[in-house]
């Protein structure tokens with residue numbers, strides 16, 4: 001179980017290595033939403049997503065001998081890049097299992113950051129069996145993408161920053177909307193807010209049809225998405241929340257929100273025009289919820305996490321073609 | 001004449017109103033350039049460019065009665081938006097003269113920020129005469145876009161931040177490349193660096209064929225571009241450096257660098273892929289110089305200012321179509 005102490009400790013290990021991202025806003029977005037929107041742009045984090053935080057936290061928590069043998073990760077791309085860069089900077093070998101249909105940019109970047117990338121087929125290969133064999137063969141330590149206390153603690157450092165930055169801007173009461181896949185970022189931020197800004201409430205945001213976390217919140221137990229692919233928000237199509245992340249979300253988070261693919265693309269176009277940020281679809285869902293689901297949000301100002309920006313140019317062009325003014 | 005004391009005083013007035021933008025980097029950009037590149041993203045400043053700094057500095061330096069009568073500015077767009085937002089927040093009326101061929105996004109934004117926008121024809125209208133008539137009629141105070149000590153002092157706050165941030169990252173010796181139109185940002189940063197980080201040297205970067213500042217540095221007197229339009233870098237096509245900015249640049253700056261339109265577009269595409277930033281062509285020229293003119297840069301790491309991101313979607317698409325991987 002992750003705790004605020006683990007998050008504070010991760011923040012110490014991350015200091016000078018991860019970026020403290022700023023807090024942005026635009027009067028034009030506020031007008032659309034009918035309330036103030038504060039945007040925490042984790043697309044500006046190293047490797048283009050918040051995942052570097054959890055990767056650095058997990059790798060620096062390993063003993064030096066274990067780390068030197070190397071780490072193993074599986075990921076559709078953002079965790080992969082986070083692990084690859086953290087491993088490179090810490091001098092550890094990294095083997096990464098990535099699905100064949102992951103965005104080309106994410107596969108290329110992970111390779112370019114020095115990781116040994118192995119591709120698998122989401123539908124036919126048994127990723128866990130492949131991983132277990134690789135780990136045994138090379139003595140690698142598996143770093144899970146979200147259901148891992150040190151990863152959750154690393155992602156939670158985003159929540160410490162939000163608590164401090166929102167308070168500086170006079171926002172101490174309201175919802176904090178977070179793009180949610182397996183729940184590592186959401187649970188980490190929820191823990192941090194609970195301890196440091198208890199009137200700010202974390203809420204998961206997912207794509208329509210892939211709202212396993214919201215469904216799990218509603219039923220009170222871990223639910224699974226029917227499909228595992230077929231949505232533009234590739235970064236957050238995790239089948240179900242984790243056995244560590246879900247209890248935290250269940251206890252601490254407000255209700256989940258689901259947004260459409262079009263809303264994610266529209267939010268990307270508005271982030272382009274109004275914030276000068278490049279967001280990927282999965283990284284834009286929380287902004288989409290703030291802009292296009294105002295009735296589901298409580299209180300005045302809202303904080304949204306823009307969790308990643310690793311998008312191929314073709315997808316970005318689609319967002320501009322369809323929604324940029 | 002602007003001084004470091006004026007810049008420090010502007011920094012005090014800007015605190016809590018302008019954003020302290022972060023310092024970004026990417027190992028992929030470093031590899032292309034063959035050296036470390038630190039990017040100061042002023043596209044993330046309010047209104048999408050550094051111009052808000054100078055606008056806020058100038059407007060807060062006015063007496064309350066003068067300010068209440070209103071301000072006048074002329075600008076192709078970024079100064080316009082900076083003045084419009086600063087005036088709105090300070091409760092002052094703003095009248096802005098903009099060329100008809102300014103990017104639509106910039107004209108629309110300036111209007112949406114509450115300014116009274118009047119369009120003029122660059123080739124046939126006498127902008128200064130139009131402005132003088134308006135100022136007299138309404139009792140407005142002209143805020144020049146660059147050749148104005150309080151504006152230079154405001155832009156110079158960027159240099160204070162660069163000095164502190166670069167030093168924190170271990171960079172105390174090297175070139176600081178700055179997109180340069182009339183020289184307000186360049187001269188302000190040069191003054192700040194000269195006082196706070198004297199081994200960092202400011203250098204202006206301009207578009208090929210619009211390198212009036214570089215030509216002026218070479219001849220030692222103010223030179224003028226032959227053309228006033230016809231380049232994609234609309235934000236920095238100023239005909240010549242100012243009578244206040246040029247002596248500062250002449251004394252303190254290293255040699256100017258000129259880049260092609262293609263290089264600016266290529267730098268925009270790389271900022272998209274590697275930094276998750278939206279840059280406009282004129283805001284990308286310093287990054288272009290760092291990436292594509294490495295032999296003209298001295299020492300190891302280089303700092304570049306990414307000065308603005310107010311670009312129409314069509315131009316951004318062109319950059320992606322031609323240069324994104």
For the stretch B:288-321, give me each residue that is crowded, with 24+ Cβ neighbours inside 10 Å, within 14 Å of another protein chain (Cβ to nearest Cβ) and assigned to a helix (DSSP H, G or I). B:316, B:319
Scan the stretch B:22-35 for residues that are surrounded by fewer than 22 Cβ atoms within 10 Å (Cβ to Cβ) and on the phi < 0 side of the Ramachandran plot and jot them down. B:22, B:23, B:25, B:26, B:27, B:28, B:30, B:31, B:32, B:33, B:35
Test: residue in the stretch B:146-154 that is touching a helix residue (DSSP H, G or I) at 6+ places or on another chain (Cβ under 8 Å), farther than 28 Å from residue B:305 by Cα and either in a helix (DSSP H, G or I) or within 14 Å of chain A (Cβ to nearest Cβ) (or both): no
Residues satisfying the stated conditions in the stretch A:162-191, i.e. in a helix (DSSP H, G or I) and either crowded, with 24+ Cβ neighbours inside 10 Å or not assigned by TED's automatic domain parsing to the domain that holds residue A:299 (or both): A:162, A:184, A:185, A:186, A:187, A:188, A:189, A:190, A:191
Residues of the stretch B:137-150 being touching a strand residue (DSSP E or B) at 6+ places or on another chain (Cβ under 6 Å) and surrounded by fewer than 19 Cβ atoms within 10 Å (Cβ to Cβ), in sequence order, are B:141, B:142
Subset of the stretch A:189-200 [touching a residue at least 60 places away in the same chain (Cβ under 8 Å) and touching a strand residue (DSSP E or B) at 6+ places or on another chain (Cβ under 9 Å)]: A:189, A:190, A:191, A:192, A:194, A:200
Across the stretch B:277-286, the tally of residues that are in contact with a helix residue (DSSP H, G or I) (Cβ under 8 Å, 6 or more places away or on another chain) and away from chain A (no Cβ under 14 Å) stands at 1
For residues that are touching a residue at least 24 places away in the same chain (Cβ under 8 Å) and in a helix (DSSP H, G or I), tally how many sit in the stretch A:21-35. 4
Determine which member of the set B:134, B:113, B:130 is touching a strand residue (DSSP E or B) at 6+ places or on another chain (Cβ under 9 Å), within 14 Å of chain A (Cβ to nearest Cβ) and more than 17 Å from residue B:238 (Cβ to Cβ). B:113
Residue satisfying all of: in the stretch B:245-270; surrounded by 22 or more Cβ atoms within 10 Å (Cβ to Cβ) and without any contact (Cβ under 8 Å) to a residue 40 or more places away in the chain; farthest from the other protein chains (Cβ to nearest Cβ) among these: B:263
Given the options B:271, B:235, B:267, name the one that is in a helix (DSSP H, G or I), closer than 30 Å to residue A:308 by Cα and modelled with pLDDT under 95. B:235
In the list A:254, A:283, A:242, which residue meets the criterion of being within 29 Å of residue A:28 (Cβ to Cβ), modelled with pLDDT of 95 or more and under 17 Å from the mean Cα position of the chain (by Cα)? A:283
Which condition number in (1) more than 14 Å from chain B (Cβ to nearest Cβ); (2) in a helix (DSSP H, G or I) is the one that residue A:92 fails? (2)
Members of the stretch B:10-19 that are in contact (Cβ under 8 Å) with a residue 60 or more places away in the chain, closer than 26 Å to residue B:251 by Cβ and surrounded by fewer than 17 Cβ atoms within 10 Å (Cβ to Cβ): none
Of (1) in contact with a strand residue (DSSP E or B) (Cβ under 7 Å, 6 or more places away or on another chain); (2) within 14 Å of chain A (Cβ to nearest Cβ); (3) assigned to a loop (DSSP other than H, G, I, E, B), residue B:325 satisfies all except one. Which? (1)
The lone condition residue B:242 fails out of (1) more than 13 Å from chain A (Cβ to nearest Cβ); (2) assigned to a loop (DSSP other than H, G, I, E, B); (3) touching a helix residue (DSSP H, G or I) at 6+ places or on another chain (Cβ under 6 Å) is (3)
Of all residues in the stretch B:87-107, which are at pLDDT below 95 and surrounded by fewer than 16 Cβ atoms within 10 Å (Cβ to Cβ)? B:100, B:101, B:104
Scanning the stretch B:36-71 for residues that are buried (at least 17 other Cβ atoms within 10 Å of the Cβ) and assigned to a loop (DSSP other than H, G, I, E, B), the one farthest from the other protein chains (Cβ to nearest Cβ) turns out to be B:62
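The values are calculated or read from the model by the stated rules, or taken from the named source; none is laboratory data. The structure presented is a predicted model; accordingly, all values stated were derived computationally and were not measured. Cβ coordinates were reconstructed from backbone atoms using ideal geometry, including for glycine residues, and neighbour counts include every protein chain displayed.
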